[in-house]
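All remarks here apply to the structure that follows.
The values are calculated or read from the model by the stated rules, or taken from the named source; none is laboratory data. Values in this document were obtained by computation on a predicted structure and should not be read as measured data. Cβ: placed from backbone, ideal geometry, glycine included. Neighbour counts: every protein chain shown. The area values use the complete protein model at the heavy-atom level, side chains included, leaving out ligands, DNA and RNA. Shrake-Rupley method; radii C 1.70, N 1.55, O 1.52, S 1.80 Å.
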Amino acid sequence: MLLKMKRHSGNNIFKSFIFLIFTGTLFSCTTLKNTSDSEPLFNDGTPVITAETEFKNRDTLLLTFAGDLMAHRPNWINKDFAEPLEALKNLAQEADFAFINLETPVADSKEWSTYPYFNVHGSYAEAAVDAGFNVFSLSNNHTNDQGLDGIKETKKFFDSLEEKHSDSVRNVYSSGLKSSPADEMSYAVLEKNGWKILYLAVTELLNQNTYTGYINFVKPDKKSREEFYKKIKKLKEETECDFFILSLHTSDEEYVLTTPESQRNHYQNLLENGADIIAANHPHVAKEWYLYVNEDCTAKKLLFMSQGNTLSAQRNDPDFKKPSNIRDYTGDGFVTQVRLEKTEEGIKIVKINPVLITLYITKQRRYVVKILNDVFIEELKKEGRKDWSTYLLERKKLMEKIKGKIIWQ
């Protein structure tokens, strides 16, 4: 992928560059200096992690970041939850930790429910685990859709899920819910192969102002945010960890491709106070992302301002005549692989592989996630789905305009 770069000093932008990150290519100063302006180029979406050789015998950790796992009626009505996520298995399972935002309560005692008050049963979340996702954010604006009972049942379910997988080769983790309003924010320490990753999930939004004490909730006002900066700084200082990943259900506006400066400054403050990777969600459309690079060309921080929807049914009536309709962006997103390396100089980000995905509606009206590449578009042509192949070709071009940016520090 070619990344549009900006060099920052304070609020001044001095120069623009292009930074080349191919799958299998490491970051280097030579890469930075020798690339020239070009249009963004994506890999074909094929995970190649098992074919890597450059990381052999090196102390690295592979992470996969997805966006929002929604629960609209078309996502659960057929009760086959494996098929919709099948195409993401390689991306998720090959990672040491695969992150996703579960935007619904999980309460078996209540009926399945779609927007505006979501609810699913445990089998829905377990399908995501079976697909390879093992780190869940449970804090978002729908967390209290089913009241206090829904919050407690969701926490109980994930506590039992974590216990169930505690002795397996692939543990399950979650953050976002609390047992009591008196408790501090819940967090997890992800451990594997000598690595310790601090993981905290927080929301700045709730659709209802109820039972907020049971949720990792921070009001999006200046005073609350400043208190939160101090809190995460202290948390990182007091927690034995190599890296700090913050999942933030942001107060950023939905269905808007840009991010206001005030919100970008908020993310910057979070990074400066301890967060190493921010995985923001809520807009339901994918946005540009920032990689923060030191003067010595070491990549240390990463900001995803939104990876978009991973699975949803918000694009239930694709606009084949106008693919650029903003609502159609809710059907596309990214699942991004990130590799960290532990060196004598500290932890650094050595590789990023963003993979473009799309929500496809089959002839049987099944809503399934697919890797959005030329191979899939050609398959649709052969199946006689010309409307979909033409539409997704245009959607692919539009999504390729969403670029990563390098911020020099």
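Taking the Cα-to-Cβ direction at L393 and at E272 and moving 7 Å from each Cα, how far apart do the two end points lie in nm?
In this crude spin-label approximation the distance works out to 4.8 nm.
Quick check for me: using +1 on Lys/Arg Cβ and -1 on Asp/Glu Cβ, what's the dipole size of segment 170-238 about its Cα centre, in debye to the nearest 20? The partial results should precede the final answer.
On the way: 13 positive and 9 negative charges, 39 e Å.
Computed charge dipole of segment 170-238: roughly 180 debye.
Would you kindly calculate the mean projected area, averaged across all directions, of the convex hull enclosing the Cα atoms of the chain, in square nanometres? Could the numbers behind the result be given before it?
Numbers: hull surface 78.1 nm².
Hull-based average projected area comes out at 19.5 nm².
Ordered by packing density, taken as the mean number of other Cβ atoms within 10 Å over each peptide's residues, highest first, how do 229-241, 87-99 rank?
Values: 229-241: 14.6, 87-99: 22.2.
So the peptides 229-241, 87-99, ranked by packing, come out 87-99, 229-241.
Hey, can you rank 373-386, 249-262 by average C-beta count inside 10 Å, highest first?
Values: 373-386: 14.0, 249-262: 15.9.
Result, highest mean first: 249-262, 373-386.
Mind ordering 242-248, 119-125, 388-394, 362-368 by average Cβ neighbours within 10 Å, highest first? Working shown, then result.
Working: 242-248: 24.4, 119-125: 20.3, 388-394: 18.7, 362-368: 13.6.
Packing proxy ranking, top to bottom: 242-248, 119-125, 388-394, 362-368.
Quick check for me: using +1 on Lys/Arg Cβ and -1 on Asp/Glu Cβ, what's the dipole size of the chain about its Cα centre, in debye to the nearest 20?
Numbers: 54 positive and 58 negative charges, 206 e Å.
Taking the Cα centre of the chain as origin, the dipole is about 980 debye.
Can you work out the accessible area per residue across segment 71-216, with the rest of the protein chains kept in place, probe 1.4 Å, in square angstrom?
Details: 5850 Å² over 146 residues.
Accessible area per residue: 40 Å².
Viscosity 0.692 mPa s, temperature 37 °C: give me the Stokes-Einstein translational D for segment 306-409 in µm²/s, with Rh taken as the Kirkwood radius over C-alpha pairs. It would help to have the intermediate numbers written out before the result.
Working: Rh = 15.3 Å.
It diffuses with D of about 215 µm²/s by this estimate.
Less than 14 Å Cβ to Cβ from Q263, Lys/Arg counted +1 and Asp/Glu -1: what total charge do the surrounding residues give? Before the final figure, lay out each step's value.
Details: positive: K222, R225, R264, K287; negative: E204, D221, D252, E253, E254, E261, E288.
Net of charged neighbours comes to -3.
Roll a 1.4 angstrom probe over the protein heavy atoms and tell me the percent of accessible area of segment 72-114 that is carbon or sulfur.
Values: 720 of 1720 Å².
Carbon plus sulfur share of accessible area: 42 percent.
Structure shown: which of K321/K370; K89/K403; K287/K396; K222/K403 lie over 19 Å apart, alpha-carbon to alpha-carbon? Before the final figure, lay out the partial values.
Numbers: K321/K370 21 Å; K89/K403 25 Å; K287/K396 14 Å; K222/K403 29 Å.
From the list (K321/K370; K89/K403; K287/K396; K222/K403), the Cα-Cα distance tops 19 Å for K321/K370; K89/K403; K222/K403.
Once you list every other residue whose beta carbon is under 10 Å from the beta carbon of T343, what net charge do they have if Lys and Arg are +1 and Asp and Glu are -1? Intermediate values should be presented prior to the final figure.
Values: positive: R58, K342, K348; negative: D59, E341, E344, E345.
Summing Lys/Arg as +1 and Asp/Glu as -1 gives -1.
Ignoring ligands, DNA and RNA, what percent of the 1.4 Å accessible area of segment 196-256 is carbon and sulfur? All intermediate terms of the calculation are to be shown ahead of the outcome.
On the way: 1290 of 2990 Å².
It is 43 percent, rounded to a whole number.
Under the definition of Cα pairs under 8 Å and six or more residues apart, what whole-number percent is the relative contact order of the chain?
Details: 911 pairs, mean separation 80.1, N = 409.
Contact order relative to length: 20 percent.
Once neighbouring chains are kept in place and the probe is 1.4 Å, which whole percent of the accessible area of segment 326-409 is contributed by carbon and sulfur?
On the way: 1630 of 3350 Å².
Whole-percent figure for carbon plus sulfur exposure: 49.
Can you compute the equivalent ellipsoid semi-axes for segment 160-286, i.e. the square root of 5 times each eigenvalue of the Cα gyration tensor, sorted largest first and rounded to whole Å? Don't jump to the answer; show the numbers that get you there.
On the way: eigenvalues 123, 61, 51 Å².
Those come to 25, 17, 16 Å.
What percent of all Cα-Cα pairs in segment 103-221 falls into each 5 Å bin, going from 0 up to the bin containing the maximum distance?
2, 12, 22, 25, 19, 12, 6, 2, 0
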